[in-house]
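The values are calculated or read from the model by the stated rules, or taken from the named source; none is laboratory data. Here the structure is a predicted model, which is why all the values come from computation and not from measurement. All Cβ positions, glycine included, derive from the backbone under ideal geometry; neighbour counts span all protein chains shown.
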Amino acid sequence: MKTWHVRVVDKQGRALTYRRAVARYLLSWLWFLPALGVAHWAGMPAGAGLWMCLLGGVVVIAVAARFSPDRQFVHDLICGTRQVDCRPSPARLPASDSALST
C-alpha cells in the first residue's frame with residue numbers, strides 16, 4: 001500500500017499483529033461471499049447474472065462504508081483497524097531555489 005501512501009493500523013495507531021492482519025484479510029472476503037451465495041442460491045450460471053450479483057454486493061458494501069463512522073469498511077469495523085494516510089511531508093525549497101521558481 002506504499003504506492004497509495006496508506007497504512008493499516010489498529011485503533012490505537014499501532015502496527016497490526018499477524019493475527020489481526022489475517023483476520024482482516026479473511027473478513028475482507030465479505031465483499032464477495034454474500035453476492036456469490038445469492039448467485040448460487042438463485043442458480044445463476046457463470047455469466048452476466050453472476051457479475052451483476054458481484055457488482056451489486058460490492059456497491060452495497062461501499063455504500064455501507066460511506067455511512068459508517070470514519071467511513072470504514074465492514075472488515076475494518078469488525079477487526080478494529082483503520083487506514084491512515086502516510087504521505088511524506090512536502091520538501092521545502094532552499095531559499096535560493098524559491099527565488100528562481102517565482
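This table checks each residue for (1) more than 13 Å from the chain's Cα centre (by Cα); (2) within 30 Å of residue 85 (Cβ to Cβ).
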{"site": "3", "(1), (2)": "yes, yes"}
{"site": "28", "(1), (2)": "no, yes"}
{"site": "34", "(1), (2)": "yes, yes"}
{"site": "37", "(1), (2)": "yes, no"}
{"site": "40", "(1), (2)": "yes, no"}
{"site": "57", "(1), (2)": "yes, yes"}
{"site": "63", "(1), (2)": "no, yes"}
{"site": "69", "(1), (2)": "yes, yes"}
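Within the bounds of the range 41-48, is there any residue that is modelled with pLDDT under 90 and in contact with a helix residue (DSSP H, G or I) (Cβ under 8 Å, 6 or more places away or on another chain)?
Within the range 41-48, one or more residues are modelled with pLDDT under 90 and in contact with a helix residue (DSSP H, G or I) (Cβ under 8 Å, 6 or more places away or on another chain).
Among the listed residues 59, 9, identify the single one that is out of contact with any Gly (no Cβ under 7 Å at 6 or more places or on another chain) and in a strand (DSSP E or B).
Result: 9 is the single residue among 59, 9 that is out of contact with any Gly (no Cβ under 7 Å at 6 or more places or on another chain) and in a strand (DSSP E or B).
Considering only residues of the range 18-38 that are of a type in the set (Gly, Ala, Ser) and closer than 12 Å to residue 54 by Cβ, which is modelled with the lowest pLDDT?
35
Which condition breaks for residue 9 when tested against (1) surrounded by 13 or more Cβ atoms within 10 Å (Cβ to Cβ); (2) over 17 Å from the mean Cα position of the chain (by Cα); (3) modelled with pLDDT of 85 or more?
(2)
Which of the residues that make up the range 17-36 are out of contact with any helix residue (DSSP H, G or I) (no Cβ under 7 Å at 6 or more places or on another chain) and more than 14 Å from residue 61 (Cβ to Cβ)?
17, 18, 19, 21, 22, 25, 26
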